[in-house]
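S.K.: I have a structure here, written as structure tokens, and I will follow up with some questions on it.
The values are calculated or read from the model by the stated rules, or taken from the named source; none is laboratory data. What you see is a predicted model, and the numbers here were worked out from it, not measured in a lab. So basically every Cβ, Gly included, is an ideal-geometry build from the backbone, and we count neighbours across all protein chains shown.
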């Protein structure tokens, strides 16, 4: 099972492809897409959709795991993030790829054993679990890999084992 995790954003979108085979997780690809801050918002949405759709076409995952919107104090920021998620969901759905959505707290619980971990802690854990040099991993890509792991572990029932091991 190959799961593409996506950490949505309007300035940076993180992605990570994890292959789950024989009780092992192997990273196939990870990184970020960055978008020009001077672009009109509609232009950013078009670029997000295009880049994510191209990525899905290239890696052909069995599913996409996307982090749900984190509701912030700023309603405009939350709304814009929702728009970015929408074009990401559209990119997957238009290629008949199943989409699985997880709350940030649920993702952290699955990979860290607790739902209130910091971005730096998630990055460290992803580097350890997936054997990635921490300097090669951005926080956005780490969050995307964590979303992919969350889904894969939920599907395999291994989240409880991992949760106990990470304490």
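S.K.: Checking the structure you have, find out if any residue of region 58-69 is more than 18 Å from residue 130 (Cβ to Cβ), touching a helix residue (DSSP H, G or I) at 6+ places or on another chain (Cβ under 8 Å), at pLDDT below 90 and not in a strand (DSSP E or B).
M.R.: yes
For (1) closer than 23 Å to residue 134 by Cα; (2) touching a helix residue (DSSP H, G or I) at 6+ places or on another chain (Cβ under 6 Å), each residue gets a yes or a no:
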residue	(1), (2)
1	no, no
21	no, no
32	yes, yes
36	no, no
40	no, no
71	no, yes
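S.K.: Suppose the filter is farther than 11 Å from residue 88 by Cα, surrounded by 20 or more Cβ atoms within 10 Å (Cβ to Cβ) and at pLDDT below 95; does residue 25 pass it? Talk me through it step by step, then tell me what you get.
M.R.: Details: farther than 11 Å from residue 88 by Cα: yes; surrounded by 20 or more Cβ atoms within 10 Å (Cβ to Cβ): yes; at pLDDT below 95: yes.
Yes; evaluated as a whole, the condition is true for this residue.
S.K.: Moving on. Run down 154, 165 and say which single residue is modelled with pLDDT under 95, over 12 Å from the mean Cα position of the chain (by Cα) and surrounded by 13 or more Cβ atoms within 10 Å (Cβ to Cβ).
M.R.: From the options 154, 165, the qualifying one is 154.
S.K.: Check off (1) within 15 Å of the chain's Cα centre (by Cα); (2) at pLDDT 90 or above; (3) within 14 Å of residue 16 (Cβ to Cβ) for residue 111 and give me the number that stays unchecked.
M.R.: If we test residue 111 against (1) within 15 Å of the chain's Cα centre (by Cα); (2) at pLDDT 90 or above; (3) within 14 Å of residue 16 (Cβ to Cβ), just (2) comes out false.
S.K.: Just one of (1) out of contact with any helix residue (DSSP H, G or I) (no Cβ under 7 Å at 6 or more places or on another chain); (2) farther than 23 Å from residue 34 by Cα; (3) free of Cβ contacts under 8 Å to residues at least 40 places away in the same chain trips up residue 155, so point out which.
M.R.: Failing condition for residue 155: (3).
S.K.: Being at pLDDT 95 or above and either surrounded by fewer than 17 Cβ atoms within 10 Å (Cβ to Cβ) or part of a loop (DSSP other than H, G, I, E, B) (or both) is true for just one of 55, 90, 145. Which residue is that?
M.R.: 90
S.K.: Just to be sure I understand, how many residues within region 11-21 are touching a strand residue (DSSP E or B) at 6+ places or on another chain (Cβ under 8 Å), surrounded by fewer than 20 Cβ atoms within 10 Å (Cβ to Cβ) and assigned to a strand (DSSP E or B)?
M.R.: 2
S.K.: Here is a further query. Can you tell me how many residues in region 93-111 are under 18 Å from residue 147 (Cα atoms) and surrounded by fewer than 19 Cβ atoms within 10 Å (Cβ to Cβ)?
M.R.: 10
S.K.: Search region 1-10 for residues being modelled with pLDDT of 95 or more and either surrounded by fewer than 17 Cβ atoms within 10 Å (Cβ to Cβ) or closer than 14 Å to residue 153 by Cβ (or both), and hand back the single one that is farthest from the chain's Cα centre (by Cα).
M.R.: 3
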